[in-house]
Amino acid sequence: QVQLVESGGGLVQAGGSLRLSCAVSVSTSSIDAIDWHRQAPGKQRELVATISTVGRTDYADFVKGRFTISRDNAKNMVYLQMNSLKPGDTAVYYCHLHDWGSEYWGQGTQVTVSS
């Protein structure tokens, strides 16, 4: 059973920065893609960023140039650096991955951006 624990959320003013962390309970070196998703109140969950085992990254258009996803396989950690935050970035952010055909989600961390 894989466990994901997110941290680093909080309240920040527009234009500010936050760094989210995702601690994974198994070795991330054997896991292909690890993602960050978000869900705002009343909206569907959406993909924010993905990172592969070899470090290839992909971003949703609405965060390109502002967010950076990274992973540290030695520490079994995945990060999301969020800069130039906007009120529209307010959401619960979730870490997500697939392992051996099963899908895993963290409990989420709240990010609130005030105007």
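Figures for the structure shown
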item: Residue match in the range 81-91 (condition: touching a residue at least 60 places away in the same chain (Cβ under 8 Å), in a strand (DSSP E or B) and more than 17 Å from Q1 (Cα to Cα)); result: yes
item: Residue selected from the range 37-66 under the condition of a type in the set (A, V, I, L, M) and open to solvent by 60 Å² or more (accessible area, probe 1.4 Å), by the criterion nearest to Q13 (Cα to Cα); result: L47
item: Selection within the range 41-86 - within 17 Å of A23 (Cα to Cα) and over 15 Å from the mean Cα position of the chain (by Cα); result: T53, N73, A74, K75
item: Residues located in the range 7-26, provided they are within 16 Å of K86 (Cβ to Cβ) and either polar (S, T, N, Q) or out of contact with any strand residue (DSSP E or B) (no Cβ under 7 Å at 6 or more places or on another chain) (or both); result: Q13, G15, G16, S17
item: Residue that is nearest to S29 (Cα to Cα) [pool: residues in the range 95-106 that are assigned to a strand (DSSP E or B) and open to solvent by 70 Å² or more (accessible area, probe 1.4 Å)]; result: H98
item: Qualifying positions in the range 7-36 - surrounded by fewer than 17 Cβ atoms within 10 Å (Cβ to Cβ), modelled with pLDDT under 95 and not small (G, A, S); result: V26, D32
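To keep it simple, each residue is scored yes or no on (1) buried (at least 21 other Cβ atoms within 10 Å of the Cβ); (2) modelled with pLDDT under 95; (3) not β-branched (V, I, T).
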site	(1), (2), (3)
T68	no, no, no
M77	no, no, yes
Q81	no, no, yes
Y93	yes, no, yes
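The values are calculated or read from the model by the stated rules, or taken from the named source; none is laboratory data. Please read all numbers here as calculations on a predicted model, not as lab measurements. Note that we place each Cβ from the backbone using ideal geometry, even for glycine, and neighbour counts take in every protein chain shown. Each accessible area value is taken on the protein alone, full model and side chains, heavy atoms only, with ligands, DNA and RNA left out. Shrake-Rupley method; radii C 1.70, N 1.55, O 1.52, S 1.80 Å.
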